[in-house]
Amino acid sequence: MKILVTGGAGFIGSAVVRNIINNTKDEVLVVDSLTYAGNLESLAPVAQNSRYRFSHTDITNSVKIEELFNEYAPDIVMHLAAESHVDRSIDGPAAFIHTNVIGTFVLLDAARNYYSKLNAEKKASFRFHHISTDEVYGDLHGTDDLFTEDTPYAPSSPYSASKASSDHLVRAWNRTYGLPTVITNCSNNYGPYHFPEKLIPLIILNALAGKPLPVYGDGSQIRDWLYVEDHARALYKVATEGKIGETYNIGGHNERKNIDVVKTICSILDRLIVNKPKDIASFAELITFVTDRPGHDMRYAIDATKIKNDLGWVPEETFETGIEKTVHWYLDNKEWWQRVLDGSYAGERLGLT
Ligand code: NAD
């Protein structure tokens, strides 16, 4: 099968591509404009494989996207390209509307034109898989309730509103034009190759540098953490076996308060790092509470029963095993994150160094 993966140079996209190339016989075309979040070095482990190709393309460029569909002739599209950082969406929402809403529209329309020209056999296997977030559901205030596929949409941030819009477009292209689509909404991912602006890598790298570990508000917000490689396996299952027109929630059954996530990372580092920076006895001494994010959602938690029952997917990692692997990965892959922190990955990916 030929799979066109948008956003394949990003955190989850690169895990999806590594999983497909390493564990299947499928071919992949990555379509990515390489924003600050795109990093070809996350694809280095598969870059030499003859089943892997890369196109430096913006998904809002309708002419180029149409050409790529016709040239590559994908069997499946997995759409992950997005602006994905909530804080950035509060400071500058325009890029989020442009990529997440307009970009998704451009892809859907190109897919619709392409699909209309396929023969019956190709039509039967074609899927447009849209990867989205549980943040479209807003937040939960009780301790027991969970997001299901039927939870009404109530996004809080410009980011989640743009993703909610794109989900609605995907459903409309299925209902109105008969495009075979599937949607997944997942919880917070963590794991290797995560850009250091997100909570878990930020905490690991700040701790190693002896810098303050910023925690929003009192740290009592709850997130449901999903190990990125578990997510990549779930996405492949949905893309290849998911029922057309359906939505699947994907979660790790790992609800943790933000402050507890930070303390867990500190205790792993306390165990692993003998020579601590500054004069600290424990990395937890670096925890610093900062002014809460405006509109900060209180709790997200996913009910992943449907994907378990219908497609037989369950996560392999618990939070304890996944976070241990993640901390080890950052300790063992200093070159990757140092090049992100000093910006040199950007120069190289644009051919400037
Ligand atoms: P990311 O920010 O790490 O990567 C996004 C990728 O998209 C980058 O490679 C970037 O270069 C590319 N991109 C951005 N704008 C583009 C454009 N206009 N044209 C082409 N490429 C463009 O994001 P991620 O964390 O890997 O998330 C991937 C998807 O999963 C997103 O759609 C996001 O909304 C969704 N999601 C992420 C999480 C999470 O915890 N990270 C949780 C739920 C859902």
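Among the residues of the stretch 268-277, is any in a loop (DSSP other than H, G, I, E, B), closer than 30 Å to His79 by Cα and of a type outside the set (A, V, I, L, M)? No, the stretch 268-277 has no match at all.
Taking the stretch 1-98 and the strands (runs of 3 or more DSSP E) fully enclosed by it, the elements with 3 or more residues that are touching a Pro at 6+ places or on another chain (Cβ under 9 Å), in contact (Cβ under 8 Å) with a residue 12 or more places away in the chain and not hydroxyl-bearing (Ser, Thr, Tyr) are at 2-6. Does any residue of the stretch 273-290 turn out to be buried (at least 16 other Cβ atoms within 10 Å of the Cβ) and polar (S, T, N, Q)? Looking through the stretch 273-290, none of the residues is buried (at least 16 other Cβ atoms within 10 Å of the Cβ) and polar (S, T, N, Q). If I filter the stretch 77-96 for residues that are touching a His at 6+ places or on another chain (Cβ under 8 Å) and more than 11 Å from the ligand (Cβ to nearest atom), do I get at least one hit? Checked the stretch 77-96: at least one residue is touching a His at 6+ places or on another chain (Cβ under 8 Å) and more than 11 Å from the ligand (Cβ to nearest atom). May I ask you to verify whether Thr291 is under 16 Å from Gln221 (Cβ atoms) and out of contact with any strand residue (DSSP E or B) (no Cβ under 6 Å at 6 or more places or on another chain)? Here the answer is yes, as Thr291 does meet what is asked. Under the condition of being more than 11 Å from the ligand (Cβ to nearest atom) and surrounded by fewer than 18 Cβ atoms within 10 Å (Cβ to Cβ), the residues counted in the stretch 6-40 number 5. For the stretch 283-302, a tally of residues being at pLDDT 95 or above and assigned to a loop (DSSP other than H, G, I, E, B) returns 0.
Restricting the first member to the stretch 227-247 and to residues that are at pLDDT 95 or above, and the second to residues that are among the aromatic types (Phe, Trp, Tyr), the beta-carbon pairs closer than 6 Å and six or more apart or on different chains are Ala234/Trp313; Lys237/Trp313; Val238/Tyr248.
Restricted to the stretch 64-106, and to residues there that are of a type in the set (Asp, Glu) and at pLDDT below 95, the residue that is surrounded by the fewest Cβ atoms within 10 Å (Cβ to Cβ) is Asp91.
Scanning the stretch 109-129 for residues that are within 14 Å of the ligand (Cβ to nearest atom) and over 14 Å from Leu80 (Cβ atoms) turns up just one, Ala110.
The residue of the stretch 130-153 that is farthest from the ligand (Cβ to nearest atom), among those that are closer than 23 Å to Val86 by Cβ and either touching a His at 6+ places or on another chain (Cβ under 7 Å) or of a type in the set (Asp, Glu) (or both), is Asp145.
The set of residues in the stretch 308-347 that are surrounded by 14 or more Cβ atoms within 10 Å (Cβ to Cβ) and among the β-branched types (Val, Ile, Thr) comprises Thr318, Ile323, Thr326, Val327, Val340. Any residue at all in the stretch 197-207 that's in a loop (DSSP other than H, G, I, E, B) and closer than 21 Å to Gly38 by Cα? For the stretch 197-207, residues in a loop (DSSP other than H, G, I, E, B) and closer than 21 Å to Gly38 by Cα: present.
Taking the criterion of being among the aromatic types (Phe, Trp, Tyr) and within 28 Å of Arg88 (Cα to Cα), would at least one residue in the stretch 143-153 satisfy it? Yes, the stretch 143-153 has at least one match.
The values are calculated or read from the model by the stated rules, or taken from the named source; none is laboratory data. What you are looking at is a predicted structure, and each value in this text was computed from that prediction instead of being measured. Glycine gets a Cβ as well: all are built from the backbone with ideal geometry, and neighbour counts include every protein chain shown.
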